[in-house]
Every structure is written in C-alpha cells, then in structure tokens.
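Worksheet: one structure, shown below.
Every number here is computed from the coordinates shown, using simple stated rules; none is lab data. The model shown is predicted, which means the values in this text are computed figures rather than measured ones. Cβ placement follows ideal geometry from the backbone for every residue including glycine, while neighbour counts extend to all protein chains displayed.
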Amino acid sequence: MVSVGHFHGIRLCTEIGGMMDTFRDHGIDIYVCTASLEDVVAVFATNPKYGYNVARENIIGLRLERDGSIYKNAYLKNWPLTWGPGKTVAIKSELVAAKGYGPIFVAGDSDGDYDMLRDFADTRYGLIVNRMKNGKIGELSKLAATQITAGQPRFLLQGRQESTGNWLPVETSIKYGKTTPLLTV
C-alpha cells in the first residue's frame, strides 16, 4: 500500500480575508510581501473568489527574469530575495517609496518574516501567527507572550490549529497531531 501526504503549502485562511476587509473598511491599503514567487501568490491573493482581494500591484515577492512573456530560470537582477532582510528592502522599495511611510501593521509566521516585523518605526503592531517555532521568530513569539497583558503591546500572538490552518480566538496554538494548546516552545 502506498500513501502520500504533503504538509506544507499555501492554505487559504478566512480569518485573514476578514482581517484584510476590516483594514480596507478603515482606509488601510493591503500589501502582501511573500518569500514565494510573486506571480504565483497573485493568482489567489487577487482573485475575489478566494476572499483576499489584494490589488495586483500590492503583491511583493520573488520575481523571475523574463524574455517577453517567457519566464527564465533566474531571479530578477536588482530585485531583493524577499526573505529575511530582503522583505524589508522590497517593502521600502515598493510601499515606503510610494507612500512615504512604512506599514502600520505587519503579520508573519516564520524566521523569514522576523526582519519586516521589527524594521519599521511606523509599525504599531506586529502579529505573529503562533506556529511555536524556535529561531528568531520563536524569540519574537516569546516576547509577544510577555506582552499579552500589556496595555499597548507591540507584538501580538495569533493562535492557530495546525491541522486545519484556521486561526483560534486565543494566543495558544495546537500543533499538528496534538490536542494540547501551547503558548510557546
């Protein structure tokens, strides 16, 4: 008997779509900065049927060289790799250059998001989707855990159920294959 499973990949999250709608309703422009290929993320982030409704020009990600409409197997020269510090560089290039200020809210879930969560003086809140990771994002998650009762925390934790990818209405998360909610590792 053969069985195949795949744990990682892009999942739609209705809570993210709802949060984006709320921000838009209050005059806040939505940008997505991804460590994935920009054109791939744009397929679902811009299509209304998936609930995110992000403007195509507000998708920032890895870009490939092209020969006309043909993609080349090479990243675009003079464009940052949108992971880690490269996300900050890309956001400054696209958003800060156009608006004159940085993001007021940033959300992330991995070490690749650590820099953009911290690098902008204009950012009032950094939301960390609590995947109970180690590394830089784990350090930031622990800091967020200490700020839970603060009047105006800089960092917030968002719990999730890893088996479904859905958010939980608490800071704790439930790891894949487990039943006990945890705050941090």
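Worth a mention:
- The chain: DSSP helices with Cα axial extent of at least 15 Å and average Kyte-Doolittle hydropathy no lower than 0.0: 135-146
- Counting only Cβ charges, +1 for Lys and Arg and -1 for Asp and Glu, the dipole size of the chain around its Cα centre is about 280 debye.
- Residue pairs exceeding 20 angstrom between C-alpha atoms, taken from 72/92; 142/175; 92/133: 72/92; 92/133.
- Cα shape, the chain, gyration tensor, a/c 1.5 rule: oblate
- Helical contribution to [θ] at 222 nm, DSSP H n ≥ 4, -39,500 (n - 2.57), averaged over the chain, rounded to 500: -6500 deg cm²/dmol
- Compactness of the stretch 106-185 as Cα Rg over 2.2 N^0.38 Å, two decimals: 1.03
- In loop segments of the stretch 4-81 as defined by DSSP, the chymotrypsin sites (Phe, Trp or Tyr not before Pro) with at most 10 further C-beta atoms inside 10 Å of their C-beta are 7.
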